[in-house]
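J.: Structure below; questions to follow.
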Amino acid sequence: MSALTTIGLPVALGIIMFGLGLSLTLGDFARVLKQPKAVIVALLCQLILLPAICFGLVLAFQLPPVLAVGMMMLAASPGGTTANLYSHLFRGDVALNISLTAVNSVISVITLPLITNFAIAYFDPFDDELGMQWAKVLEVFAIVLVPVAIGMVVRRLWPAFAKAMDKPVRIASVVILVVVIAGAVASNWTLLVENFARLSLITIVFCLISLTVGYLVPRLLKVGKRQAIAASFEIGIHNATLAIVIAQTVLMSTELSLPAAVYGVLMFFVAFGFGFLIRERGASAGDEALERDDAVEPAASA
């Protein structure tokens, strides 16, 4: 495993999570109390329904043990910050996306190791080797929450600096991430090509199901349309970078990171197409009426 991967990937993820922290305040967590139904439905879909669906898909597609664990780790990863951009493009509730990302990132420190350890125990990809031990769980905690906390402190103490740094940090994180992933792909090209065909179909199916569940389940439970769009992208656009970093730097397995690597590329195209699909649905008279209801409900409760 190259130094570019072992050092560059955690640095790139740290910058991304620091950037997330720069965009967060304690009010983003408090907002959860104002939209409890939307948040609870989205989190239940993300934390319980999605891993169960992924487990079924992994069994149906008969993936090898290492790739099966990689898929489960991906399913347990929280939503990525890109979900905010997609939600904005397709008229979702971006404030809800920010709150969901914040809450889910905190919860994932517990749920991601639990689901990963379950998958390792079930599929046994490492010849009876135990899964994430306590020290590795602490690594996940440090990777996920420490940069976010630092970013939030910076925003709290120096709001003008945080606002000025928001865009440069986003750009830097994208540039570093592209360079590091390009290097990782180049050094593991043969392994990726060998598994791309096997992983592309299951990752596309999983992405479509994630987006659909994220949109339809809230709508069936009478959650507003804009909130359902936000939930859809939050659930469908996983933080694949986090899954890759944990696979390669915590569990020291490049093969384990392949599902997240393939998903991380394909999800952008699938989510973009899905966004147009639900936007077209929003053009119907029935959905316009529902949107008017959604607008009235917050006003009535204010």
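J.: Give me the pairs, please: first residue somewhere in the stretch 116-135 and closer than 16 Å to residue 74 by Cα and at pLDDT below 65, second residue anywhere and β-branched (Val, Ile, Thr) and open to solvent by less than 80 Å² (accessible area, probe 1.4 Å), beta-carbon distance under 8 Å, and either six or more positions apart or on two chains.
T.: 131/116; 131/120; 132/116; 132/120; 132/140; 132/250
J.: I need a count of the residues in the stretch 227-244 that are outside any loop (DSSP other than H, G, I, E, B) and within 30 Å of residue 66 (Cα to Cα).
T.: 12
J.: Consider residue 228 against the criteria (1) more than 19 Å from residue 100 (Cβ to Cβ); (2) touching a Lys or Arg at 6+ places or on another chain (Cβ under 7 Å): it satisfies all of them except one. Which criterion is unmet?
T.: (1)
J.: Would the stretch 11-24 turn up any residue that is over 19 Å from residue 155 (Cα atoms), in a helix (DSSP H, G or I), open to solvent by 50 Å² or more (accessible area, probe 1.4 Å) and at pLDDT 80 or above?
T.: No, there is no match, as no residue in the stretch 11-24 is over 19 Å from residue 155 (Cα atoms), in a helix (DSSP H, G or I), open to solvent by 50 Å² or more (accessible area, probe 1.4 Å) and at pLDDT 80 or above.
J.: If you scan the stretch 243-276, which residues turn out to be aromatic (Phe, Trp, Tyr) and open to solvent by less than 10 Å² (accessible area, probe 1.4 Å)?
T.: 263
J.: Looking only at the stretch 46-70, filter to residues that are open to solvent by 50 Å² or more (accessible area, probe 1.4 Å) and within 18 Å of the chain's Cα centre (by Cα); which one of those is nearest to residue 107 (Cα to Cα)?
T.: 48
Listed here are the residues, each with its yes/no results for (1) open to solvent by less than 20 Å² (accessible area, probe 1.4 Å); (2) on the phi > 0 side of the Ramachandran plot.
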site	(1), (2)
83	yes, no
91	no, yes
156	no, no
161	no, no
165	no, no
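J.: While we're looking at this one, here's another question. Test residue 70 against the stated conditions and say whether it is touching a residue at least 12 places away in the same chain (Cβ under 8 Å) and either in contact with a Leu (Cβ under 7 Å, 6 or more places away or on another chain) or in a helix (DSSP H, G or I) (or both).
T.: The answer is yes for residue 70.
J.: Can you tell me which of 150, 110, 98, 120 is surrounded by fewer than 21 Cβ atoms within 10 Å (Cβ to Cβ), in a helix (DSSP H, G or I), touching a helix residue (DSSP H, G or I) at 6+ places or on another chain (Cβ under 8 Å) and not small (Gly, Ala, Ser)?
T.: 150
J.: How many residues are in a helix (DSSP H, G or I), in contact (Cβ under 8 Å) with a residue 12 or more places away in the chain, among the aliphatic types (A, V, I, L, M) and farther than 18 Å from residue 202 by Cα when one looks only at the stretch 245-281?
T.: The number of residues fulfilling the criteria is 5.
J.: Might you check whether a residue that is assigned to a helix (DSSP H, G or I) and in contact with a Ser or Thr (Cβ under 6 Å, 6 or more places away or on another chain) occurs anywhere in the stretch 39-48?
T.: yes
J.: I've got another one for you. Is it the case that residue 77 is more than 20 Å from residue 212 (Cβ to Cβ), hydroxyl-bearing (Ser, Thr, Tyr) and buried (at least 16 other Cβ atoms within 10 Å of the Cβ)?
T.: Answer is no for this residue.
J.: Scanning for something touching a residue at least 60 places away in the same chain (Cβ under 8 Å), under 21 Å from residue 125 (Cβ atoms) and part of a helix (DSSP H, G or I), does the stretch 204-226 turn up at least one residue?
T.: Among the residues of the stretch 204-226, at least one is touching a residue at least 60 places away in the same chain (Cβ under 8 Å), under 21 Å from residue 125 (Cβ atoms) and part of a helix (DSSP H, G or I), which makes the answer yes.
The values are calculated or read from the model by the stated rules, or taken from the named source; none is laboratory data. Note that the structure is predicted; figures quoted are calculated from it, not measured. All Cβ positions, glycine included, derive from the backbone under ideal geometry; neighbour counts span all protein chains shown. SASA here: full protein model, heavy atoms, side chains in, ligands and nucleic acids out. Shrake-Rupley method; radii C 1.70, N 1.55, O 1.52, S 1.80 Å.
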